[in-house]
Amino acid sequence: MSKAHKKKKSPKTRRPKGAARGSRPTARVNPGIAAAARDNVVSIISQGRVPERALEIPLSAFFLADHLTRRFEAEAELPHPVTCQEGCDSCCYNQVELTGPEALLIGHHIARQFSEAEQELLLAHIARILEILKAMGPAESAARRREIPCPLLVNKTCSVYPARPLVCRAMHGLDREGCVRELRTGSLAGSQYYAHRHEIAVSVSAGLREGCKAAGLQSGPLNLTRALHDFFTQENAVERWINGEEVFGG
């Protein structure tokens, strides 16, 4: 991250009240956080429309979200421990929404870190999932999410963990057995969680989209599986996106 970003003061966030919440309604956007994320995008773009800057945009967003979450939780003791640990994968059966820059970073990570054979297996898995989603509406795919694991889930582990998108960084639970039970039964009730983690992620995402839109870049929300399909079925996706082309089908 450039010096300009490091010098920017962290936006203020509301202090948590200490209570965990149930189901996950749409989190509200914190204007201060969104503005900081938007300004980071504008600052990065001002340094030149080259592929490196496109990949710096999501990294800046992840840094901001992770920093705010750590600071938030350092200032107020959480009343219940987060039970997530290695091998927990219940939340990896949801349809992930992300932004163009996040999709580009994940695609770039896969292209650099996965072998040719691993990439071929991933693309075949993506094609199968897209066929399943095509036959289902949003409500049905949510209720039957246990049948549609994230294409990046390998042996109960995220295969792109360092590059995982904002929404995945916010996902967590306070009752591991409850998460497993809800996935198994198809319940949409939602387990307990800390609202501030989702508010931070949603706010950074909103600012990221605003900054991209202001710069004339494709900025609409994307489905992770479809976005990865688009990334790997065309050439120079990163370079084309940073120069204002519509790379993703939405």
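The values are calculated or read from the model by the stated rules, or taken from the named source; none is laboratory data. Predicted, not measured: the structure shown is a model, and the values here were computed from it. No Cβ is skipped: glycine too gets one built from the backbone with ideal geometry, and neighbour counts run over all protein chains shown. Surface areas here come from the heavy atoms of the whole protein model, side chains and all, with no ligands, DNA or RNA. Shrake-Rupley method; radii C 1.70, N 1.55, O 1.52, S 1.80 Å.
A few remarks follow.
- Going through (1) at positive phi; (2) within 18 Å of the chain's Cα centre (by Cα) one by one, residue 186 falls short only on (2).
- Summed over region 144-153, the residues that are of a type outside the set (Lys, Arg) and either out of contact with any helix residue (DSSP H, G or I) (no Cβ under 9 Å at 6 or more places or on another chain) or assigned to a helix (DSSP H, G or I) (or both) give a count of 1.
- Close contacts from region 156-169, counting a first residue that is more than 12 Å from residue 65 (Cα to Cα) and a second that is crowded, with 21+ Cβ neighbours inside 10 Å and of a type in the set (Lys, Arg), with Cβ to Cβ under 9 Å and a gap of 6+ residues or different chains, come to 158/164.
- Per-region count, region 216-244, residues assigned to a loop (DSSP other than H, G, I, E, B) and under 16 Å from residue 55 (Cβ atoms): 4
- Residues that are free of Cβ contacts under 8 Å to residues at least 12 places away in the same chain and open to solvent by 50 Å² or more (accessible area, probe 1.4 Å) within region 116-137 comprise 116, 117, 118, 120, 121, 128, 131, 134, 135, listed in sequence order.
- Pairs where the first residue, in region 233-246, is within 14 Å of residue 213 (Cβ to Cβ) and the second is loosely packed, with under 13 Cβ neighbours inside 10 Å and of a type in the set (Val, Ile, Thr), C-beta under 6 Å, 6+ apart: none
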